[in-house]
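Engineer: Take this structure, written in structure tokens, and hold onto it; I'll ask about it next.
The values are calculated or read from the model by the stated rules, or taken from the named source; none is laboratory data. Because the structure is predicted, anything quoted here is derived from the model rather than measured. Virtual Cβ from ideal backbone geometry, glycine too; neighbours counted across all protein chains shown. Heavy atoms of the whole protein, side chains included, go into the accessibility calculation; ligands, DNA and RNA do not. Shrake-Rupley method; radii C 1.70, N 1.55, O 1.52, S 1.80 Å.
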Amino acid sequence: MPAHRLRRRRQATLPTSLGAPPTTTTGLPTSARTPTSITRCAGIETREREREREREKERERKRGRKRQKEKNVKPPAFKTLLTPDPSTSFPAPSLLVPILTRREQKDMLEDHTRTGAYAAAILGSARACFEGKTVLDVGAGSGILSIFAARAGAKKVFAVEATPMAAHARTLVKHNKLDHIIEVLQGTVESIQLPEKVDVIVSEWMGYLLLRESMLDSVLAARDAWLKPGGSLWPSHARLLLAPARSTLPHSRAAELQNAMQGW
């Protein structure tokens, strides 16, 4: 056989006899693609997917516990708080809107327009009306108005709060070193008993649209029961201004609802 043909035949056989082992279209050597190795790789991938699913489930459980913890705010036992004392002739207590959490009280305190107006009146222009007087704070909440009254020179302040916020009010009063002047009483103003009548009643009873929190009845009951003749009520007057308005939004929403229900 001619020499050039022999060299050509040897070159053609080199990749198989001396080079790398033949490969498949996947890029892995044929010898490496055994059933055992394929099963092992599949098992590793399956375990990784299972671990990732378990981690995701654990994260979801943590998020669920956090949401449940945020929602787990128990309402107070209003049944006992709103039960009138049969030995008194007070009117039936008004329906209280629970304002319980410290976060809500924080929002109220940060209403600088409202809180600042009370501070300007009690500690400023009307300071003489509180000096040496006995004060009743109806619906004291965090006790901020009671603290204003004590700093204005009140002789004694009774802070009445129906909700468990009364405990936080006591802490704030003690922290401000005014617990020798301010006495926090937990209960409705219709059911509590004071040792004496008062010269001034102060209250932050206004809600949305003035009357939303239904506190006005309690303030009037406190006035009739505990205010001395010639005493003062802060605030003593309020105005509710209304103006007619017209909007097409309710009609358009009603039309959308009607159109959506036609196919049912």
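Engineer: Can you spot a residue in segment 132-144 that is free of Cβ contacts under 8 Å to residues at least 24 places away in the same chain and either open to solvent by less than 20 Å² (accessible area, probe 1.4 Å) or of a type outside the set (Val, Ile, Thr) (or both)?
Structural biologist: Yes, segment 132-144 contains a residue that is free of Cβ contacts under 8 Å to residues at least 24 places away in the same chain and either open to solvent by less than 20 Å² (accessible area, probe 1.4 Å) or of a type outside the set (Val, Ile, Thr) (or both).
Engineer: Can you tell me which residue in segment 91-126 is farthest from Met215 (Cα to Cα), limited to those that are modelled with pLDDT of 85 or more and surrounded by 14 or more Cβ atoms within 10 Å (Cβ to Cβ)?
Structural biologist: Ranking the candidates gives Leu123 first.
Engineer: Follow-up question, since we're still on this one. Evaluate the following for Gly230: is it assigned to a loop (DSSP other than H, G, I, E, B), at pLDDT 85 or above, at positive phi and not aliphatic (A, V, I, L, M)?
Structural biologist: Criteria not met by Gly230.
Engineer: Name the residue, out of Val173, Val202, Val219, Val189, that is assigned to a helix (DSSP H, G or I) and in contact with a helix residue (DSSP H, G or I) (Cβ under 9 Å, 6 or more places away or on another chain).
Structural biologist: Val173
Engineer: Additional query: Just to be sure, is Glu196 part of a loop (DSSP other than H, G, I, E, B), in contact with a strand residue (DSSP E or B) (Cβ under 7 Å, 6 or more places away or on another chain) and of a type outside the set (A, V, I, L, M, F, W, C)?
Structural biologist: yes
Engineer: Given the structure, is Ser142 assigned to a loop (DSSP other than H, G, I, E, B), among the polar types (S, T, N, Q) and out of contact with any helix residue (DSSP H, G or I) (no Cβ under 7 Å at 6 or more places or on another chain)?
Structural biologist: no
Engineer: While we're looking at this one, here's another question. Among the numbered conditions (1) out of contact with any helix residue (DSSP H, G or I) (no Cβ under 9 Å at 6 or more places or on another chain); (2) at pLDDT 90 or above; (3) part of a loop (DSSP other than H, G, I, E, B); (4) acidic (Asp, Glu), tell me where Glu213 comes up short.
Structural biologist: For Glu213, the failing item is (2).
Engineer: Here is a check on your reading of the model: is Arg223 of a type outside the set (Gly, Ala, Ser) and crowded, with 17+ Cβ neighbours inside 10 Å?
Structural biologist: So Arg223 passes the test.
Engineer: Look through segment 229-242, keep the residues that are out of contact with any strand residue (DSSP E or B) (no Cβ under 6 Å at 6 or more places or on another chain) and not aliphatic (A, V, I, L, M), and return whichever of them is least open to solvent (accessible area, probe 1.4 Å).
Structural biologist: Pro235
Engineer: Could you tell me whether Val202 is crowded, with 20+ Cβ neighbours inside 10 Å, touching a Phe, Trp or Tyr at 6+ places or on another chain (Cβ under 6 Å) and under 21 Å from Ala149 (Cα atoms)?
Structural biologist: Against the criterion (crowded, with 20+ Cβ neighbours inside 10 Å, touching a Phe, Trp or Tyr at 6+ places or on another chain (Cβ under 6 Å) and under 21 Å from Ala149 (Cα atoms)), Val202 qualifies.
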